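Participant: The structure follows.
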Amino acid sequence: MESVSELLTEQEAAIYDRQIRIWGADAQRKLSKARILVVGITGVVAETCKNIVLAGIGSLVLMDDSPMTFEASAANFLVPFDELEGQGNSIATVCASSLRDFNPMVQVSVEEGGISSKPDEFYDRFDAVIMGRSSITLRTQVNEACRKRPHRVAFYSVDCRGTCGSLFVDLQRHSFTSKKAGDDKAAQQDISFPSLQEALNVPWSSFNKRTSKLLFALRIIDQFEVGVGRRPGQLSSQDLPDLISYRGKMCAIQKVPESFVPENLLQKLASVGGTELPPVCAIIGGILGQELIKAMSCKGEPLKNFFFFDASDGKGIIECVVPSQMNDH
């Protein structure tokens, strides 16, 4: 059996001693080689970055050329107060500096430019991509680009709006070790994930009544923002009448009653616009960080494939949304 020192450097073995005791040296070694790309740094993404940097990923590349503003930093604890004085730095540059202080052993860098301008080959540099708040069109495009690469590039998208948070996971084809119920021995298991577009294509009429209403409400908002040319999160209570009308159109197309998506839920999401609440960001960022650690280390069963949370009732719900023809393993 390989010793810890053969798997990791002495410094890594010392710094990550506690977590090595939890998930093992081999998992830590895999994690230390993981190359992660983050696109769009919101509050929940900042929480995620902090978690995976502390866990000891290999490298982290940040993409967000947005200028630093009070609004952008409201839920982003990586932004020091002295960076809000108009120094002209981008959000990615400021956050990269803070993350390096969390763990100097992790390579944190900044990639300039927009993700939509990058060729598909750009993704060959990474093992996983995390997308913060962005249009549903851009998310599906990046997800498809990840799926075209010769090696598996995991894809995650995450967002928080007010008391609500959501997460999507696509690991394509994934192998992991996990202990089954009643068995102390860990066994390898395989699992397949649909793309974001494949999940979006699943008819609403196929969902049961217990499905999280956030799934449908957020899809209506995603499509509405694209349809009227809004930037993600640029909604207000004044948009509610148009959102209700849009709900009627989408429910008619999906052949479900309008009551399928409660009006009060749309009102709540519209009224908060793009506001993030730090406690909600911490919860969702913690879950996403743990999911990425499990995927990169190949240890532990991953979340498949949507997660929704609402702090108003404290409920977190996993929704497995797959096409009917897709065999689950």
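Participant: How far is helix 278-297 tilted, in degrees, relative to the longest principal axis of the Cα atoms in the chain, given as a value from 0 to 90 rounded to the nearest 10?
Facilitator: Compared with the principal axis, the helix lies near 50 degrees.
Participant: Still on this model: Quick check for you: with a 1.4 Å probe and neighbouring chains kept, what is the accessible area per residue of segment 200-272, in Å²?
Facilitator: Per residue, segment 200-272 has an accessible area of 53 Å².
Participant: Want the number for S66 to D184: 0.36 nm per residue separation, take away the alpha-carbon distance, what's left?
Facilitator: Taking S66 through D184 to full extension adds about 37.6 nm, to one decimal.
Participant: Next question, about the same structure. Once label points are set 7 Å from the Cα along Cα→Cβ at both E121 and D17, what is their separation, rounded to one decimal in nm?
Facilitator: The answer from the label model is 4.6 nm.
Participant: If you don't mind, another one. Calculate the length of the line joining the C-alpha centroid of segment 231-247 to that of segment 122-200, in whole Å.
Facilitator: If we compute the Cα centre of each part, the gap is 28 Å.
Participant: At 1.4 Å probe size, with the rest of the protein present, what percent of the exposed accessible area of segment 1-158 is carbon and sulfur atoms?
Facilitator: The C+S portion of the solvent-accessible surface of segment 1-158 is 49 percent.
Participant: Please label the shape of segment 264-329 as rounded, prolate or oblate, based on the square roots a ≥ b ≥ c of the eigenvalues of the alpha-carbon gyration tensor (a/c under 1.5 means rounded; beyond that, a/b larger than b/c means prolate, else oblate).
Facilitator: oblate
Participant: Next up: Looking at segment 121-278 only, what percent of DSSP beta bridges run antiparallel? Nearest 5 please.
Facilitator: 75
Participant: Would you mind classifying the chain by shape? Square roots of the alpha carbon gyration tensor eigenvalues, ordered a ≥ b ≥ c; an a/c under 1.5 is rounded, otherwise it is prolate if a/b is larger than b/c and oblate if not.
Facilitator: Taking the square roots of the gyration eigenvalues as a ≥ b ≥ c, the chain is oblate.
Participant: Further question: Can you give the % of DSSP beta bridges in the chain that are antiparallel, to the nearest 5?
Facilitator: 55
Participant: If you don't mind, there's one more thing I want to ask. Contact order normalised by length for segment 86-188, with contacts defined as Cα pairs under 8 Å and 6 or more residues apart; what percent is it?
Facilitator: So the answer I get is 17 percent.
Participant: Further, regarding this structure: Note down the relative contact order for segment 200-272 as a percent, whole number, built from C-alpha pairs under 8 angstrom at least six residues apart.
Facilitator: 43
Participant: Taking the Cα of S236, stepping 7 Å toward and past its beta carbon, and measuring to each backbone N in segment 244-278: which are under 13 Å?
Facilitator: Zone members listed by number: 271-274.
Participant: Looking at this model, which pairs from K179/K213; K50/K180; K213/K268 are more than 22 angstrom apart at the alpha-carbon?
Facilitator: K179/K213; K50/K180
Participant: Compute the distance in nm between two label points, each set 7 Å from the Cα along the Cα-to-Cβ direction, one at Q325 and one at R219.
Facilitator: Going by the 7 Å Cα→Cβ label model, 1.8 nm.
Participant: By how many degrees, 0 to 90 and rounded to 10, does the Cα axis of helix 263-272 deviate from the longest principal axis of the chain?
Facilitator: Approximately 60 degrees, to the nearest ten.
Participant: Please give the length that would be gained between M105 and S245 if that part of the chain were fully extended, namely 0.36 nm times their separation in residues minus their C-alpha to C-alpha distance (nm, one decimal).
Facilitator: Gain in length upon complete extension: 45.2 nm.
Participant: Relative to the present Cα-Cα distance, how much length would full extension add between V226 and S175 at 0.36 nm per residue of separation?
Facilitator: Once the chain is fully extended between V226 and S175, it gains 14.8 nm.
Participant: Sticking with this one: Given a 1.4 angstrom probe, I'd like the percentage of the accessible area of segment 200-272 that is carbon and sulfur, rounded to a whole number.
Facilitator: 49
Participant: Where does each of 31-41, 267-277, 13-23 land if you order them by average Cβ count within 10 Å, highest first?
Facilitator: With the highest mean Cβ count within 10 Å placed first, the list reads 31-41, 267-277, 13-23.
The values are calculated or read from the model by the stated rules, or taken from the named source; none is laboratory data. Every value quoted in this text rests on a predicted model; they were computed, and no experiment measured them. With ideal geometry, Cβ positions are generated from the backbone for all residues, glycine too; neighbour counts draw on all protein chains shown. What goes into the accessible areas is simple: the full protein's heavy atoms, side chains included, and nothing from ligands, DNA or RNA. Shrake-Rupley method; radii C 1.70, N 1.55, O 1.52, S 1.80 Å.
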